[in-house]
Amino acid sequence: VYALIIINKAGGLIYQRDFADGLNKLNINDYLVLAGTFHGVHAITTRLHPLHPPPSLDPSTRPDPPSGIEVLETENFRLQCFSTLTGTKFLLFTEPQQPNVDKIMGKIYELYGDYVMKNPFYQLEMPVRCEGWERRLVGYLRVLNSR
Amino acid sequence: MASQPIKPSLAGNASQSQRTSQLGLRYPSNGKTIYHRPLNRSRTQELSQASFAYLFGEMVSYAQKRVTGIQDLEKRLNVQGHPIGLKLFDLLLYREPPRTQTRPLNIIALLQFITTILWRHLFSRPADALEKSSNPDTPDEYMISDNDPLVNQYISVPKEMNQLNCAAFVAGIVEGVCDGAGFPARVTAHSVGKGEEGELWPGKTVFLVKFQQEVVEREAYLPKN
């Protein structure tokens, strides 16, 4: 796992961290721009679909509403985007052959739900500065990276 | 997690009650109020840690909006825990097996009651250590230490407030138990997370129990047996 970025509902960057050495370090403004761009692109791709789904009233057969970009693969890295029901997006940068990205994403989301949401000192949609979250996230991903 | 004394029965009774046209207390249709419930019924009930965490987080933010300082915030949490302690004391004494149902009559017995029975009821494990203060100026201070208080598990205190310890709520519960037993005391929570032994348990908390003067005097009159 190379890096994690969390984007809030409005498209602003709320968390960014690298977990591997040797990555290109961007400056904080660039990360903010990256988050905003991704948010926009994700929104556009949500609307882009060639076929009109037939309107059906039955909830079980209606196809899922289209979502935006989920995976972006290049030869050096793979970017997976997990968007929650509340509009928060988790972007995970991993190496292309990393298996089980879904499970890792699920575990990060669980840690987020525990240490960020249950913290009374965290204000919603603001940058994440929770010590418990950092400690556990780093612990989990360091173990994963060293395997 | 062991059962918490937050009353789940009120919701059930309210849903059974019918709308009466007069104002005032509504009683459920079968005439059973919460006072009819047997006391042992919720003995082994458990509560999810997540629900407690959300509730406690909200308690902390509620208090934070109304106070001006850290001391005041801890005092508020303390005051919120106090009535719980009073009621828990009676309930736990009632629930003990009949042969051993004795009210603690001296300080050591009271502290042992707190560190084993109360802690086991709240957190499913006994407290980690009980110590008497070795400071000759304050012979009436006792310390209960807990390596990892359950209530603090999901809370990360920001750097500007790092003297705050939300275990002040648990300190309030302990204070309520002491007051209910007739040993008035002041209980405060202190975090000793950073130290040689603190590194292993970064959330280690010490509850300082300071009994009042009359309690210490009374204790001196008791025969030593």
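Calculate the mean, over all residues of peptide A:116-127, of how many other protein chain Cβ atoms lie within 10 angstrom of the residue's Cβ.
For peptide A:116-127, the averaged partner shielding equals 5.
Please report A:His39, B:His190 as a ranked list, fewest other C-beta atoms within 10 angstrom at the top and most at the bottom.
Going from sparsest to densest Cβ surroundings: B:His190, A:His39.
Provide the net charge surrounding A:Val41, with neighbours chosen by a C-beta distance below 13 Å and charges set as Lys +1, Arg +1, Asp -1, Glu -1.
That sum, taken over residues with Cβ under 13 Å, equals +1.
From the phi of every residue in region A:36-46, what ³J(HN,Hα) in whole Hz does the Karplus formula 6.51 cos²θ - 1.76 cosθ + 1.60 yield, where θ is phi - 60° and glycine or proline is x?
The phi angles translate into x, 4, 4, 4, x, 4, 4, 5, 5, 5, 5 Hz.
In whole Hz, what ³J(HN,Hα) sequence does region B:177-190 give by Karplus (6.51, -1.76, 1.60; θ = phi - 60°), x for Gly and Pro?
Here the 3J(HN,Hα) series is 5, 4, 5, x, 7, x, 10, x, 8, 10, 10, 10, 10, 10 Hz.
What fraction, in whole percent, of alpha-carbon pairs in region B:49-220 exceed 27 Å separation?
25
Test of understanding: ordering B:Val187, B:Val206 by Cβ neighbours within 10 Å, fewest first, what list do you get?
Arranged by neighbour count, lowest to highest, B:Val187, B:Val206 become B:Val206, B:Val187.
Set Lys and Arg Cβ to +1 and Asp and Glu Cβ to -1, take the dipole of chain A about its Cα centre, and tell me which of A:Ile14, A:Tyr115, A:Gln98 lies farthest positive.
A:Tyr115
What number comes out for the charge environment of B:Lys132, summing +1 per Lys or Arg and -1 per Asp or Glu over other residues with Cβ under 13 Å away?
-3
Return one number: the angle in degrees, 0 to 90 and rounded to the nearest 10, between the long axis of the Cα atoms of helix A:101-111 and the longest principal axis of the Cα atoms of chain A.
The two axes meet at around 70 degrees.
Using a 7 Å offset from the Cα along the Cα-to-Cβ direction at both A:Asn29 and A:Tyr140, what is the distance between the two label points in nm, to one decimal?
Distance between label points: 3.4 nm.
If you average the alpha carbon positions of region A:1-21 and of region B:97-137, how far apart do those two centres end up, in angstrom?
47
Read phi for every residue in region A:142-147 and hand back ³J(HN,Hα) as whole Hz from Karplus 6.51 cos²θ - 1.76 cosθ + 1.60, θ = phi - 60°, with x for Gly and Pro.
5, 4, 5, 6, 7, 6
List A:Met126, B:Met59 from most exposed to least, where exposure is judged by having the fewest other Cβ atoms within 10 Å.
Listing A:Met126, B:Met59 from fewest to most nearby Cβ atoms yields A:Met126, B:Met59.
Each reported figure results from applying straightforward, stated rules to the coordinates on display, with no laboratory input. Note that the structure is a prediction, hence the values are computed from the model and not measured. All Cβ positions, even for glycine, are placed from backbone atoms using ideal geometry, and neighbour counts span all protein chains on display.
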